[in-house]
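What follows is calculated from the coordinates using simple rules that are stated; it is not laboratory data. Bear in mind the structure is a predicted one, so any value in this text is a computation, not a measurement. In this analysis, Cβ positions are derived from the backbone assuming ideal geometry, glycine residues included, and neighbour counts consider all displayed protein chains.
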Amino acid sequence: RFLANLESILTSLFIQEQELQKFYSRLVKLLQAKDLGHEAVDSLQRLYLLLSISSSPGLTVDHVTLLSKKLVEWLRYASTMQGGGASSGGFFTGQRSRQPVPTAELDGTVCGDFFTVLCVGQGFTEDQWMNVFSFSMLRHWLLTYHCVSNGNSTADTDDRSEVDGSVVSMVSATSSSSRLLPPKERLREKAFQYCQRLIEQSDRNCVCVEDASLVYRTFPCVKALFGRLGSDLSYVRVFLPIAQFYLNHGEMAAVDCESVWKLVFSQCPAELFNDYFLAHELLRFLRVNLETIQQRVPQYTRSFPNLLKFLAWDSPAVVDDFVDLLPSLVTAGTAVELLHSLLDLPCLSATLLIQLSSVSLPVSEPSGRGLQQDAFRNPGFRGLFLFLLREEAGSGDTIDRLSTLHQLLAEAADWPRVLQCAQVVPVLLHIYFNTVVKVADEKLLAHLILVMLERSSLLINIPTYTAEIHRVFSCHLLNLCQLHPSLVVDQSQELLEFAGSTTNVYSREEIYTHVVWVLGEYLSVSCDSRCSVRLITSCFETLEAVLFEVTSSSPPPGTTCPAPKVVTTIMSALAKLASRSHDLIPRVSLFLSKLKTAARAGSVAWCPDEEDLVAVVTRGEELWSLLKAPGVAQSVLTPQPHVAMPQWYRDTNVSMPLQLRLKMSLPG
């Protein structure tokens, strides 16, 4: 009856400290008692759990010492024979034929050195149950009541001499000497032996954080375990604990971790990208240990093509992980290739689907992926798919025949998994660009601008995806040029080539508008002393030709009329350039005058909406009025850098240039 009520008594809020100490003392005596009976053991297990998780000051040093001794007894010296009247089998199973039967290992062999939670039997003794129960609360007990001593170590200084031989021999070699240790240290020693025994039984790993000297005794066992498993991916759940051990202690033990990281970062993602458990556990492993991995595992940043397979396969489930991990993958060496890989993520998703269906249905697939499977097997196209499926970065930033790849995957553009993948790319691109500006120099940023211009027309044909990518590119093109205005002069030739194509006005309207804006905004001596009159004139003539072509003809077949913001942005850019080279002002004024005259004559082919046309003409009149006074136009359209200082916003007497500039300079 006393045991039956102890659980509720322990959790009561009305026990005073002195009474609690008496209670603990009596409970410890009960824990030391023998032959408690099955019902008493059940009650004792529940009470022992409550006692083990208690942080009450009622547990004295003597209590902790006594309980540590009991833990050692139950963990290390539990019986290895089955309990509960287990029979050895056979036809005659009566009372006289029952003999003690040893517990078994997981593979059916007779139990080895001592009993653990992984031993198998038809019945278990009381001390075996307490062994299981003690192990379940061992970690909390050690963390709560045991502390690591700086001077006292549970292992001798020559622990490395014990690394040879099996776990059983190691345990036997230390069992006699460990009896001389104080209770706390002895419990830690037995806990270590218990973990080693579990490794041998179940190919599990143990932790050596409490006592670093145990690392040298553990590594042979862990290394042997890894060697036995080899590259058998059916044991994938074991590889990550092994990797954790190597990550924590490999540097201290001076062991070669290359084979472990090759398995974790290369083989596992490449072959098990569709394993949801592996995806969750591996990405969690990376997030938890990210700082250490960045310092100790150089393969990590090069493995992003493989890691992205998890994202391409199941984007909704792992996107949060990649939001955390992506910044760590962005380096000066990986930035360009990583950008291409993110843009090709929907293509990778489609390729993974084709790869799996190609294996499961080698001839054809009734789901409509037969054409893609044929292309996947075709030697002429095989290289395109193999590049997407590469396991490591460094083989090239991208492929030359991207348009061919997109044509081959055209039918995959509406597959649900591909569409899901396409939805997460813009989010990751924002993270990418926000990170790359912190790690890249101007030369790399200039290269990224070229990539954006090129890839804006080389995307898988998913209309919503293309539109979102163009918006992301536009946003970060402005940001890059604002942070580094000299990039516009560095890449002026490529930017002018892009801006000079009338086709881009209709097919890439969003990014085209922003390219024109940065040309008009940052092609100025105030931004870069290398900006010459010749360069300004070249840019002016390029934009002038495009504006004349757009406003003097109907849109090409299959396209729509350009948005008013495209036309007004080109007009504003021309006015800005003319304000920096006054010889160009008459040409702008003439065009704006003709535009006003044409609008008065009625509707025009390039702008059928009357309200939009009025807005364009109004902007033209404002610019024309400014250009009539070149000095005023220059101060408004190209103010000196100090004008943007905060006091210009607060002082109403000098804020007019900024008010006008706000209206004139922004795209649209």
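At-a-glance table
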| read-out | value |
| --- | --- |
| Inter-label distance for Asp609 and Ala224, nm, one decimal - labels placed 7 Å from Cα along Cα-to-Cβ | 7.7 |
| Stretch gain in nm, segment Val61-Ser136, where the contour uses 0.36 nm per residue and the Cα spacing is subtracted | 24.8 nm |
| Neighbourhood charge, 14 Å Cβ-Cβ cut-off, centred on Ser341 and excluding it, Lys, Arg +1 and Asp, Glu -1 | -1 |
| Cβ-based net charge around Tyr432, under 15 Å, with every Lys or Arg adding one and every Asp or Glu removing one | -2 |
| Net charge contributed by nearby residues that have their C-beta within less than 13 Å of Ser315 (K/R +1, D/E -1) | -1 |
| Pairwise label distance in nanometres, Ser457 with Leu386, each label 7 Å out on the Cα-Cβ vector | 3.0 |
| Karplus 3J(HN,Hα) series, Hz, for the range 517-529 with 6.51 cos²θ - 1.76 cosθ + 1.60 (x for Gly, Pro) | 5, 5, 5, x, 7, 10, 7, 8, 4, 5, 9, 8, 5 |
| Burial order of peptide ranges 116-122, 308-314 (average beta-carbon count within 10 Å, highest first) | 308-314, 116-122 |
| By average C-beta atoms within 10 angstrom, highest first, the peptides 517-523, 596-602, 267-273 | 517-523, 267-273, 596-602 |
| Of Lys309/Lys443; Lys70/Lys190; Lys565/Lys628, pairs whose Cα-Cα distance is over 19 Å | Lys309/Lys443; Lys565/Lys628 |
| Prolate/oblate/rounded label for the range 254-316 (Cα gyration tensor, a/c 1.5) | prolate |
| Label-point separation, Ser234 to Ala563 (7 Å along Cα→Cβ), nm | 5.8 |
| Net length gained if the chain between Leu106 and Phe277 were fully extended (0.36 nm per residue, minus Cα distance) | 59.2 nm |
